[in-house]
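The values are calculated or read from the model by the stated rules, or taken from the named source; none is laboratory data. It should be emphasised that the depicted structure is a prediction, and the values quoted were computed from it without experimental measurement. Virtual Cβ from ideal backbone geometry, glycine too; neighbours counted across all protein chains shown. Ligands, DNA and RNA are excluded from the accessible area calculation, which covers all protein heavy atoms including side chains. Shrake-Rupley method; radii C 1.70, N 1.55, O 1.52, S 1.80 Å.
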Amino acid sequence: MSLTNFRNRLGDLVDVPVVSATRLKTEFGTLFEQVARGGAVAISRHDAPKAVLISYDEFAALAKLRSPALDDLGAEFDAMLERMQEPAVRRANATAYDATPEQMGAAAVRAARSGVNGRAAGAKRSVRAKRVAA
């Protein structure tokens, strides 16, 4: 029986036995009991792992890790909202909301030329380097 790696709910890399789909069909009860006790089994088809059978407890723990709790998201939102209420941010937002389309366009051009977001400046340097090399 070959082994493959699997990262468990604790983040530890563990070795997991690989069994063929055919063996899973014929020995399901034995493999089920092994997995139910906290193990895991990788199921292969044509010598390539295609699925992993894990215990319900392991699945629930992994699912919990993937989806943040609503309270955590609420706290993150509250912190973001508080940062948005700082006086400097309020003034900047008011200025942006009161700007005419011409003022917004001019600000966008200035930001692109100064490389405020990092991409525009990097792209310009890249184009200049290619011209110099040519």
### Any hit, the stretch 80-97, residues being among the charged types (D, E, K, R) and on the phi > 0 side of the Ramachandran plot
no
### Task
Please identify the pairs in which a residue from the stretch 24-42 that is exposed (fewer than 14 other Cβ atoms within 10 Å of the Cβ) and at pLDDT below 90 has its Cβ atom under 7 Å from the Cβ atom of a residue that is aromatic (F, W, Y) and assigned to a helix (DSSP H, G or I), counting only partners at least 6 apart or on another chain.
none
### Top-ranked residue of the stretch 54-64 - restricted to ones that are under 23 Å from the mean Cα position of the chain (by Cα) and not acidic (D, E), ranked as most open to solvent (accessible area, probe 1.4 Å)
K64
### Query
Can you pull out the residues in the stretch 97-125 that are at pLDDT below 60, assigned to a helix (DSSP H, G or I) and exposed (fewer than 12 other Cβ atoms within 10 Å of the Cβ)?
R119, G122, R125
